[in-house]
Amino acid sequence: MNRIRRIGLAVAAGALALPALAHHSTAMFDFTKTVEYDATVKEFLWTNPHTWTTVTVTGKNAGEYGLEGMSPNYLARNGWTKRTLKPGDKVTVQVHPLKDGRKGGFMVSAKLADGTLLYNLPHRDTPAAAAAAAQGR
Amino acid sequence: MMKRMTVAVALLASLTACQKSAPPAAAVDPAVEARTTAWAALAKLPDWGGVWEIDWRNSRGSPPRPQMKLTPEAQARLDAFRAAQKKGENLQGDVANCVPPGMPGIMSQPYPIQFLYQPDRIVILTEAYMMYRVVFMDGRPHPEDPDLTFHGHSTGKWEGDTLVIESVGFAAQNRLAPGIGHSDKLKITERIRRVAPEWLEIQTTLDDPEIFTEPYTSTTSYRHLDDELREYVCLENNRDGADSNGRPSMRLE
């Protein structure tokens, strides 16, 4: 099942500024739109300047999607490892889609089969933000 | 006779001791001595160990960045830059093609920096783009006609616990902000101080009479991170791009 919705209050409230995208602008992606896909991981590349996840989606928007993510440098400091996503994993990914309509976009978050929700973009619930909040920063 | 014997034994003993211990003083290399003194002096400098990351959430409450006061010529170029953005140009710069931003942009990346002290220089490592800056601390002047480089030519001095760095000689493609270039008169002054155990503060002044009607000063806080720098090779798997007009692209395959 694929669900498309305009950016909701929950996402807007949780999302933080995007300095970590300094490598490039957000111009290719539609940051006003968040698309959710139930998908299967085909490949997860733990590389710079961005991680890259290829997922397979079945059903209405069937196809292979290329998802850019934050760098290992950022993600490793926020709870991810190179083994977080593995080929064959069932995931629900939230994506800011490409503006040009091709199958791809920027990964916002990934929900694993066991229910673990991992944020890719800076979010108030990431470990770094939680630690900062705990110390009253 | 007895007395002479005692003296001889004592002499012998001291000779033997000499042979067993360090070489005689005359063998100390003055260059080694000077180096030892110079490196030991570094221990007295402010401790900026570990790595430092920009306080993006501004939880320390640094003052907001002031408005840049541009010359009419610089303002006209910025207006043209913004007008082109409405046509889909200038949305992305060469950093998307993995060309490092140079100064001052390299100092405000989303990845930490690290300081290395040497007797005659301080090296600033930047995790982003795996770059480094060299700040000469030996009193040398800037070259009269410096080669123009991404990071320029930097000299520094300590004013108490504040490191003051002055840099000149920047490559033409460096940007002070999106749509704001610089002239060959650009001088960047950074005042860096550890204001609290957790905080390093960098006050940056951009001085370029062809761009600003008055020097522009901003303050950035960096948080101490108990971490190490990671590798960052931008061309490892870069799928983003910008053409010469700043139109963005992304490679899916």
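The values are calculated or read from the model by the stated rules, or taken from the named source; none is laboratory data. These numbers were taken from a predicted model, which means no experiment stands behind them. All Cβ positions, glycine included, derive from the backbone under ideal geometry; neighbour counts span all protein chains shown.
Structure summary
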| item | result |
| --- | --- |
| When residues of segment A:62-72 are limited to those that are surrounded by 20 or more Cβ atoms within 10 Å (Cβ to Cβ) and either over 18 Å from A:Pro49 (Cα atoms) or over 12 Å from the mean Cα position of the chain (by Cα) (or both), the one farthest from the other protein chains (Cβ to nearest Cβ) | A:Tyr65 |
| Checklist (1) at pLDDT 95 or above; (2) under 30 Å from A:Pro122 (Cβ atoms) applied to B:Ala38, failing item | (2) |
| Residue in segment B:153-167 that is nearest to the chain's Cα centre (by Cα), counting only those that are under 15 Å from B:Leu186 (Cβ atoms) and of a type outside the set (S, T, N, Q) | B:Ile165 |
| Those residues of segment B:83-95 which are under 10 Å from A:His24 (Cβ atoms) and modelled with pLDDT of 95 or more, in sequence order | none |
| Residue that is farthest from B:Arg133 (Cα to Cα) [pool: residues in segment B:151-167 that are β-branched (Val, Ile, Thr) and surrounded by fewer than 18 Cβ atoms within 10 Å (Cβ to Cβ)] | B:Thr162 |
| Test: residue in segment B:107-115 that is more than 14 Å from chain A (Cβ to nearest Cβ), closer than 30 Å to B:Glu33 by Cα and exposed (fewer than 15 other Cβ atoms within 10 Å of the Cβ) | no |
| Output for segment B:100-151, where each listed residue is among the hydroxyl-bearing types (Ser, Thr, Tyr), touching a residue at least 60 places away in the same chain (Cβ under 8 Å) and under 21 Å from B:Thr205 (Cα atoms) | B:Ser108 |
| Enumerated strands (runs of 3 or more DSSP E) restricted to segment B:181-253, each holding at least 1 residues that are among the hydroxyl-bearing types (Ser, Thr, Tyr) and away from chain A (no Cβ under 14 Å) | B:187-196, B:199-207, B:216-225 |
| Residue under evaluation B:Tyr129, criteria (1) in contact with a strand residue (DSSP E or B) (Cβ under 9 Å, 6 or more places away or on another chain); (2) crowded, with 17+ Cβ neighbours inside 10 Å, criterion not met | (1) |
| Residues satisfying the stated conditions in segment B:116-143, i.e. within 24 Å of B:Trp56 (Cα to Cα), within 9 Å of the chain's Cα centre (by Cα) and more than 13 Å from chain A (Cβ to nearest Cβ) | B:Val123, B:Ile124, B:Leu125, B:Tyr132, B:Arg133 |
| Residue match in segment B:86-98 (condition: closer than 25 Å to B:Val168 by Cβ, surrounded by 14 or more Cβ atoms within 10 Å (Cβ to Cβ), in contact with a strand residue (DSSP E or B) (Cβ under 9 Å, 6 or more places away or on another chain) and not small (Gly, Ala, Ser)) | yes |
| Qualifying positions in segment B:53-98 - in contact with a Ser or Thr (Cβ under 8 Å, 6 or more places away or on another chain), among the small types (Gly, Ala, Ser) and closer than 25 Å to B:Gln203 by Cβ | B:Ser62 |
| Check on B:Arg140, crowded, with 18+ Cβ neighbours inside 10 Å, over 19 Å from B:Ala177 (Cα atoms) and of a type outside the set (Gly, Ala, Ser) | no |
| Number of the exception - A:Phe31 against (1) modelled with pLDDT under 50; (2) more than 12 Å from chain B (Cβ to nearest Cβ); (3) out of contact with any Gly (no Cβ under 9 Å at 6 or more places or on another chain) | (1) |
| Residue that is surrounded by the fewest Cβ atoms within 10 Å (Cβ to Cβ), among those in segment B:224-234 that are in contact with a helix residue (DSSP H, G or I) (Cβ under 9 Å, 6 or more places away or on another chain) and modelled with pLDDT of 95 or more | B:Glu231 |
| Candidate set from segment B:67-88 (those that are in contact (Cβ under 8 Å) with a residue 12 or more places away in the chain, under 32 Å from the mean Cα position of the chain (by Cα) and part of a loop (DSSP other than H, G, I, E, B)); member that is nearest to the other protein chains (Cβ to nearest Cβ) | B:Met68 |
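Residues are listed down the side, and each one gets a yes or a no for (1) part of a loop (DSSP other than H, G, I, E, B); (2) in contact with a helix residue (DSSP H, G or I) (Cβ under 9 Å, 6 or more places away or on another chain):
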residue	(1), (2)
A:Lys42	no, no
A:Pro49	yes, yes
A:Thr53	no, no
A:Asn61	yes, no
A:Leu67	no, no
A:Leu75	no, no
A:Thr81	yes, yes
A:Lys86	yes, no
A:Val91	no, no
